[in-house]
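The next block holds one structure in the form of structure tokens; read it before the comments.
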Amino acid sequence: TQNIISLFNEVVKTGKPYIGKEVPIVTWRQGREEVHYFDMVYQPYYDEGSTQPSGVFTLSYDVTELVEARKRVEENEEKYRSLFESMDQGFCVIEMIFDEKGQPVDYRFLEANPMFEELTGLKGGLGKTARELVPELEAHWFIRYGNVALTGKAIRFTEGSDAMGRWFDVYAYRAGGEGSRKVALLFTNITEQRKAQAAMQASEERFRQMVEHAPAAITLTRGADMILESVNEPMLQIIGKTAPKDVLGKTLLEVVPELAGQEVFKALQRVMETGEPYRGTEIPVKRLIGGQQEMFYVNLSFTPIIESGKTTAVLHLAIDVSAQVHARHKIEENSEALQMAIDIA
């Protein structure tokens, strides 16, 4: 090819040898361009008594496979580096440190991606040990990672560090073959999720305490099936049950089947369907007590719980006013009887 001829002519012209490493040579084979790489030496030689090279001694070694293999490695490394730099999860490689008894006591950070610092808050950690960066770091981190290094068994776990003030979801695996003390960590910071979860649990506990100690009857049903999630003692009395375990996790109709078809149950269904709250006073409700049907009356409210624009639960608040209603009915009956007696007289 033209570049080889040029090199040859240059060596003949100048008498200077040429040594090339991985020189690309373009050839055409079956109408297709191909590039091969050679390590080559062009050494001039002279006829006896001549000061002008009469020819060139050439030595070439085809290193195409070696060059292409290296390029593939470089491409893979570039892809790895691009992923390494852009991933939104933290990644690092640590080397476990064991004491003379073989117990894991520390680890050194060997490699980390940019998200590592953001998610851990540890600055300039490469080359340093965990105890250098966080002197009060809990021992359970060393134990977990040390076990991964020794056994080669990958683990995934969620753990918090009081010393770091953070929670992490971690996937840890041994980096290297048997005998390696390196462990690779892929992790996310879940501190905010844990805080939100703790706040939700605290809120739920406050709600439970409120329900349990409220003087009014309260229960919470969830879903279209109206599964009872919480209930207090006054509500248990209204529905004729003795303990929360008798009703929690069951549907409202499983607990009080006689509600089916009654207006109070239809009102509850409308709240679930429309998301509109319901208020009612002296609502009649038929209830089976000891196999006998009784009528009682409640002032009640159904308040929908809206999540993502959809009614997912309903808070029930009821006050049994049966005694007052029955007493008024009795007074009304007596008044009517008295009026009839007066009219007769």
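The values are calculated or read from the model by the stated rules, or taken from the named source; none is laboratory data. Computed from a predicted structure; not experimentally measured. Positions of Cβ are generated from backbone atoms using ideal geometry, with glycine treated the same way; all protein chains shown enter the neighbour counts. Accessible surface is based on the protein model in full, side chains and every heavy atom, while ligands, DNA and RNA are left aside. Shrake-Rupley method; radii C 1.70, N 1.55, O 1.52, S 1.80 Å.
Miscellaneous remarks
- Phi-based couplings in Hz for segment 65-72 (Karplus 6.51, -1.76, 1.60; Gly and Pro marked x): 4, 5, 5, 5, 5, 5, 5, 5
- FRET efficiency for the L133 to K310 pair, using the beta carbon distance and R₀ = 41 Å, is estimated at 0.30.
- Using θ = phi - 60° and Karplus 6.51 cos²θ - 1.76 cosθ + 1.60, couplings along segment 308-320 (whole Hz; Gly, Pro as x): 6, x, 10, 6, 10, 7, 9, 8, 9, 10, 9, 10, 6
- Exposure ranking of D62, D106 by accessible area [1.4 Å probe, largest first]: D62, D106
- Nearest-ten-degree value, helix 2-14 long axis tilted from longest Cα axis of the chain: 40 degrees
- Segment Y45-R70, extension gain: residue separation times 0.36 nm, minus the distance between their alpha carbons: 5.5 nm
- The chain, relative contact order [Cα under 8 Å, separation at least 6], %: 8 percent
- E138 long-range amide H proximity, modeled H, under 5 Å: A163
- Dipole of the chain [Lys/Arg +1, Asp/Glu -1 at C-beta], most positive-end residue of G275, F302, H140: H140
- Here the gap between S60 and I331, fully extended at 0.36 nm per residue and compared with their Cα-Cα distance, gives a gain of 85.5 nm.
- Within the full protein context, the accessible area of T27 is estimated at about 30 Å² for a probe radius of 1.4 Å.
- Between F157 and A260, the modelled label-to-label distance comes to 5.1 nm, taking each label 7 Å out from Cα in the direction of the beta carbon.
- Evaluating 6.51 cos²θ - 1.76 cosθ + 1.60 at θ = phi - 60° for every residue in segment 256-262, the Karplus couplings come out as 10, x, 5, 5, 4, x, 6 Hz, glycine and proline recorded as x.
- DSSP loop GluC sites (Glu not before Pro) with at most 13 other Cβ within 10 Å: longest gap in the chain: 179-345
- Percent accessible area from carbon and sulfur atoms, segment 84-234, protein chains only, probe 1.4 Å: 51 percent
- A simple count of charges around Y61, restricted to other residues whose Cβ falls under 14 Å of its Cβ and scoring Lys, Arg +1 and Asp, Glu -1, yields -3.
- Pair Q30, E273: separation of 7 Å Cα→Cβ label points (nm): 7.4 nm
- Taking the longest Cα principal axis of the chain as reference, the axis of helix 322-344 is set at about 30 degrees.
- Label-point gap, in nm, between E212 and H140 - each point 7 angstrom along Cα→Cβ: 2.6 nm
- For the residue pairs K245/K266; K16/K71; K123/K195; K101/K123, the alpha carbons lie more than 28 Å apart in K16/K71; K101/K123.
- Acute angle (nearest 10 degrees) that the helix 263-274 long axis makes with the longest principal axis of the chain, alpha-carbon atoms: 30 degrees
- Listed residue (F187, A149, A163) projecting farthest to the positive dipole end of the chain, Cβ model: A149
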